[in-house]
1. Does Ser387 satisfy the criteria of being among the small types (Gly, Ala, Ser), at pLDDT below 85 and out of contact with any Cys (no Cβ under 8 Å at 6 or more places or on another chain)?
2. Out of the residues in segment 317-348 meeting the condition of being assigned to a strand (DSSP E or B) and of a type in the set (A, V, I, L, M, F, W, C), tell me which one is surrounded by the fewest Cβ atoms within 10 Å (Cβ to Cβ).
3. Within segment 357-372, is even one residue basic (Lys, Arg), modelled with pLDDT of 75 or more and surrounded by fewer than 21 Cβ atoms within 10 Å (Cβ to Cβ)?
4. Condition test on Lys354, is it of a type in the set (Lys, Arg), out of contact with any helix residue (DSSP H, G or I) (no Cβ under 7 Å at 6 or more places or on another chain), assigned by TED's automatic domain parsing to the domain that holds Asp53 and part of a strand (DSSP E or B)?
5. Given the conditions (1) in contact with a Pro (Cβ under 9 Å, 6 or more places away or on another chain); (2) in a strand (DSSP E or B), report the number of the one that Pro309 does not fulfil.
6. Within the group Thr246, Thr280, Thr250, which residue is of a type outside the set (A, V, I, L, M) and within 23 Å of the chain's Cα centre (by Cα)?
7. Are there any strands (runs of 3 or more DSSP E) wholly within segment 186-262 with 2 or more residues that are in the same structural domain as Val344 (by TED's automatic domain parsing) and touching a residue at least 40 places away in the same chain (Cβ under 8 Å), and if so which?
8. Modelled with pLDDT under 90, surrounded by fewer than 21 Cβ atoms within 10 Å (Cβ to Cβ) and among the basic types (Lys, Arg): which single residue out of Lys139, Lys97, Lys81 fits that description?
Amino acid sequence: MFSPARSITRGLFKQEERRWITAGPVVEEDWNACTQTLEGHSGSVNSVAFSPDSKRVASGSADRTVKLWDAATGVCTQTLKGHSGSVNSVAFSPDSKRVASGSYDKTVKLWDAATGVCTQTLKGHSGSVNSVAFSPDSKLVASGSYDKTVKLRTVTIWDAATGACTQTLKGHSSWVNSVAFSPDSKRVASGSRDKTVKLWDAATGACTQTLEGHSGWVNSVAFSPDSKRVASGSHDRTVKLWDAATGACTQTLEGHSGSVNSVAFSPDSKRVVSGSDDKTVKLWDAATGAYTQTLKGHSGWVNSVAFSPDSKRVVSGSYDKTVKIWDAATGACTQTLEGDSVSVNSVAFSPDSKRVASGSYVRTVKLWDPATGICTQTLEDVDYSTSVSSWSGHAKTPLQKTYGIGSDGKWITRGSENWLWLPPGCRPGEWAVAASTIAIGCSSGRVLIMTFPADN
């Protein structure tokens, strides 16, 4: 009943459809391309990250938790509880053994990725922590906060047994929006609403450069893989490339007609990708500053961009609820990954380039096969019996006593009997009954309408 119209499943079991369902739901023509939908968060998903070994995904949510997922099976292996505010940023250590999370509760937490135990709570910020990053040698964590500072903390148990802050990097005069370590672990870059980028010595905490030139907030910063350059994307609609040694602005990349929300270098350091409010993704030559491709196709702001580790593809996540995969050489859109019902905030390639993770306000993380566009997992961690609060209004004042939705949200019921099982993607956030017709509003944005016989 719920399988796509042209699917093999519907063809094989067409004769098994119940005759007492007089009007079934409208279904898609083909299966959705999403290979995994990782469900379990009860708030918007703000950040996602793959482990360097590509075996796990971490997600941070407004529900105050961090979840770890098995990237192959879609199983939620750990739910890391302890923050008292929204989790804004998550990162794996390069050895895949630890996870760092930054929260609205003004703390950074370090977690054992195997056991889920919180090994450290790093206190010291006086505002929400917006961004966290491990140094490539796994010894340091950088965190950026609304308190206008960047903090460095040791991670190893010997240096960080007390959770002592080893550096507080002060200098910005407004919120820090983005932080990044250089691949050689020697420096930290921070981008702020004060319109500057600062470079810091990770060992001493000294500010080595203040990069001035943007006329708007700096939304995103990234080091080149060779650690020689820094890219910054700004509300002033430009991308700037900076010499990390001298602080000189080597290129100002102009072409976007809206705020630049995300920037990234290609793994070979030859190109830069940027995503903008103007609904486009641009590819730039890092040596000349020329833009080589303008990737059009999104119908909303582009919130996040990333290169694949093999430099052959680009992924972008947008306010238009889609993830797009692009050929970095030709600029062609090879896949449009649809499945989210709200804005996609964060995207990332796995280190082996075989998977893409996306996080959105719909409280899910999705895993995709970028080659086929298939969603590889639907990770169900939701206990639907705990979600009946969204249906409690119906329970108190049912519109019709005969038909309804079971308390677990999994069944259409008639009286006290379970009549029709609902697949995960068809379970209701809201529903209504009129006589023998049920309308179901799904979290995916779909509305299903089914009619049943009025008699027995």
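The values are calculated or read from the model by the stated rules, or taken from the named source; none is laboratory data. These numbers come from a predicted model, not from an experiment. With ideal geometry, Cβ positions are generated from the backbone for all residues, glycine too; neighbour counts draw on all protein chains shown.
1. Against the criterion (among the small types (Gly, Ala, Ser), at pLDDT below 85 and out of contact with any Cys (no Cβ under 8 Å at 6 or more places or on another chain)), Ser387 qualifies.
2. Going through the qualifying residues, I end up with Cys333.
3. Looking for residues that are basic (Lys, Arg), modelled with pLDDT of 75 or more and surrounded by fewer than 21 Cβ atoms within 10 Å (Cβ to Cβ), one finds none in segment 357-372, hence no.
4. The answer is no for Lys354.
5. Among (1) in contact with a Pro (Cβ under 9 Å, 6 or more places away or on another chain); (2) in a strand (DSSP E or B), the lone unmet condition for Pro309 is (2).
6. Thr280
7. The strands (runs of 3 or more DSSP E) meeting that bar are 187-192, 196-201, 218-223, 229-234, 238-243.
8. Lys139
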